[in-house]
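What follows is calculated from the coordinates using simple rules that are stated; it is not laboratory data. This is a predicted model, so every value here is computed, not measured. Cβ: placed from backbone, ideal geometry, glycine included. Neighbour counts: every protein chain shown.
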Amino acid sequence: MMSIKEIETALSPVLKKKQEACSIHSFFNYNYPIGIGISDKLHIFREHSGAYQYETTITLPMQIPEGTKAAFPVDKLGECCCIVTPGCLEKSDCFATILHEFVHCYQSRTCEEKLKAKLEIHQRAILAQDHMWEIYHPFPYENLDYLKFLKNITGYDFDQIMVAMSTLSEKLESFDYEYMIWQIWKEGFARYIENQILRMNTMEENNNGNDPESPDRISLYFIGDKFWTQLKLRNPTLFDDIEEVFTLMEKQL
């Protein structure tokens, strides 16, 4: 098992990459905690004196599976935390994974809960005590209009993407359309940031989900990456206001 000092050493490149990523989006100017999960323990590290330093250990009411890459609010911290397991720290793209999860920390810190509360799919899930709807909602990935969108998205500009989404708003059930735009907004933005960081470091981008022959939830992340790419080209100012971007997307509802 890695010692605290070994974890601090392994995290040392992350801060430099985070500082470089400020050129991609201003949210990297904020500080976000990193939790290294081992069994039911979460070892918290924060930026201090130019490095990630150990702060405290929290016991969780659950085990953290090896390979976990996530971000969720931790009650004892009072904020969202990037959570990975030690195996992640051994990978060459570890920094991109952590910075991807920082996107979700930023979304949580700013507007995620407010936006989610407006969605009927979320309201219904709360009543049903379904806390995993973002992962397990049965979206109709085989819908022909969705498959066309997925197949052609790489060649679309921003206007064409918005037209395609408008078409899907008429073809899909309202819950399914809400699910689609939520994933494009939330996970698509994180995928876009991750790929910008990988590109900046001349590493292979993450294009998982691009196969229209086997569409699944990850295909929404792929579409989201292309959406945010074209949005940045069309309107860099709007790109910096993630809440307003979602407002633009939900106007199709």
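Tell me the label only: which of [x] 141; [y] 116; [z] 131 is volume of the Cα convex hull per residue in Å³ as calculated from this structure? Of the listed options [x] 141; [y] 116; [z] 131, [z] comes from this structure. Simple rule: put +1 on each Lys or Arg Cβ and -1 on each Asp or Glu Cβ in the chain, find the dipole, and look at TRP228, LEU11, PHE95; the Cα lying farthest toward the positive end is LEU11.
Counting only Cβ charges, +1 for Lys and Arg and -1 for Asp and Glu, the dipole size of the stretch 113-250 around its Cα centre is about 140 debye. The simple spin-label model puts a point 7 Å past each Cα toward its Cβ; for ARG46 and ASN29 those points are separated by 2.0 nm. Computed over neighbours whose Cβ is under 11 Å from that of ILE181, the net charge equals -1, Lys and Arg +1, Asp and Glu -1.
With a Förster radius of 51 Å applied to the beta-carbon distance between THR167 and LYS76, the computed FRET efficiency rounds to 0.65.
A DSSP coil position with no more than 16 other Cβ atoms inside 10 Å describes none of the chymotrypsin sites (Phe, Trp or Tyr not before Pro) in the stretch 164-208. Averaging Cα coordinates gives a centre for the stretch 1-49 and one for the stretch 183-227; these two points are 22 Å apart. When you filter the GluC sites (Glu not before Pro) in the stretch 168-220 for DSSP loop state and at most 15 other Cβ atoms inside 10 Å of their Cβ, you are left with GLU173, GLU204, GLU205, GLU213.
In this structure, the pairs whose alpha-carbon distance is over 30 Å, taken from LYS76/LYS226; LYS17/LYS76; LYS17/LYS148; LYS76/LYS118, are LYS76/LYS226; LYS17/LYS148.
At a Cβ-Cβ separation cutoff of 4.7 angstrom, cysteine residues of the chain with no neighbouring cysteine are CYS22, CYS81, CYS82, CYS88, CYS94, CYS111. For the stretch 228-240, backbone phi angles converted through the Karplus equation (6.51, -1.76, 1.60; θ = phi - 60°) give residue-by-residue couplings of 5, 4, 6, 4, 4, 5, 7, 8, x, 5, 5, 3, 7 Hz, Gly and Pro being listed as x.
For the chain, the Cβ-based charge dipole about the Cα centre amounts to some 460 debye (Lys, Arg positive; Asp, Glu negative; other atoms uncharged). Counting Lys and Arg as +1 and Asp and Glu as -1, what is the net charge of the other residues whose Cβ lies under 14 Å from the Cβ of ASP40? Once all neighbours under 14 Å are counted, the net charge is +1. Residues of the stretch 151-188 with backbone nitrogen within less than 15 Å of a virtual label 7 Å along the Cα-to-Cβ line of ASN207, please, listed as ranges. Answer for this model: 151-156. Stretching the chain fully between GLU20 and GLU244 yields a gain of 78.1 nm (0.36 nm per residue, less the alpha carbon separation). Place +1 on the Cβ of every Lys and Arg and -1 on the Cβ of every Asp and Glu in the chain, take the dipole about the Cα centre, and give the residue among MET180, CYS82, VAL245 whose Cα lies farthest towards its positive end. Working it through, the farthest residue towards the positive pole turns out to be CYS82.
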